[in-house]
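What follows draws every value from the coordinates through simple rules; no lab data is involved. Quick caveat, the model's predicted, so the values are computed rather than measured. Here the Cβ is made from the backbone with ideal geometry for all residues, glycine too, and neighbour counts use every protein chain on show.
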Amino acid sequence: MPSLLLLILMACLTACASTSPNCTSLPGGGRYCLQATTMAPAFEVQQQVVARFRDQQETMIASIENDAQQLDFVGLTPFGQKLIHMRYDNQTTIALQSPDQRLQPAMMLALLQLALWPAEAVQQGLDNNSLVSTQDHERSITHRGKLVMQIHYEQPDTPGADMQISLPEASLHLNIKRLESASEEATRE
């Protein structure tokens, strides 16, 4: 049975369907087409994602891997049960596991790229009426001057570091915290 988080994401994002499997409409306007995985540094990160939608709140663990060949996203329950698995291999987006056919892989992966790819790469993927702007620890995506997505980074130069993402049109707020591995914790001790 899908978690409340996935049901919330489906409700917010399925209205943003697109005809191209690698492009998607964004909540609030505009389109984004996935960019090459080589346009961002290679990284691997595990994150805790707390999603708030109106008066609902859910938690998911996200595992994200990016390298020259592919972007891979796995969403797990806090107890480790796999809920969702999406992949982009620089040619096609596929759902290896999805709780619902309406949840488009391109939308889930677009949200990752909009937040994690360099601003120049994001701008290349946006339609002509959309703009990415950055200032200090903030990134904004606008469409015809209307805010579509706001991202606040705790450490802007670290892929997958703590961040907060707001999609006002979808009434969705994501609070994302990086989960440190045991080896990272041992290194600091």
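For the stretch 106-158, the ratio of Cα radius of gyration to the globular rule of thumb 2.2 N^0.38 Å stands at 1.06. Neighbours of A62 by Cβ distance under 15 Å: Lys/Arg scored +1, Asp/Glu scored -1, total -2.
Within the stretch 49-134, the chymotrypsin sites (Phe, Trp or Tyr not before Pro) that combine a DSSP coil assignment with at most 10 other C-beta atoms in a 10 angstrom radius are F79. Relative contact order of the stretch 37-189, please, whole-number percent, based on alpha carbon pairs below 8 angstrom and at least 6 residues apart. Dividing the mean separation by the residue count of the stretch 37-189 yields 19 percent. Using every pair of separate Cα atoms, the Kirkwood estimate puts the hydrodynamic radius of the stretch 24-138 at 15.0 angstrom. The phi-based Karplus calculation (6.51 cos²θ - 1.76 cosθ + 1.60; θ = phi - 60°) puts the 3J(HN,Hα) values of the stretch 22-35 at 9, 10, 8, 7, 9, x, x, x, x, 10, 9, 10, 4, 9 Hz, whole numbers, x for Gly and Pro.
Its Cα gyration tensor gives the stretch 24-70 an equivalent ellipsoid; the semi-axes, largest first and in whole Å, are 25, 19, 6.
Full extension of the chain between V50 and Q124 yields a length gain of 23.7 nm, computed as 0.36 nm times the residue separation minus the alpha carbon distance. Taking a sphere under 13 Å around the Cβ of Y88 and counting the other residues whose Cβ falls inside, with K and R at +1 and D and E at -1, yields a net charge of -3.
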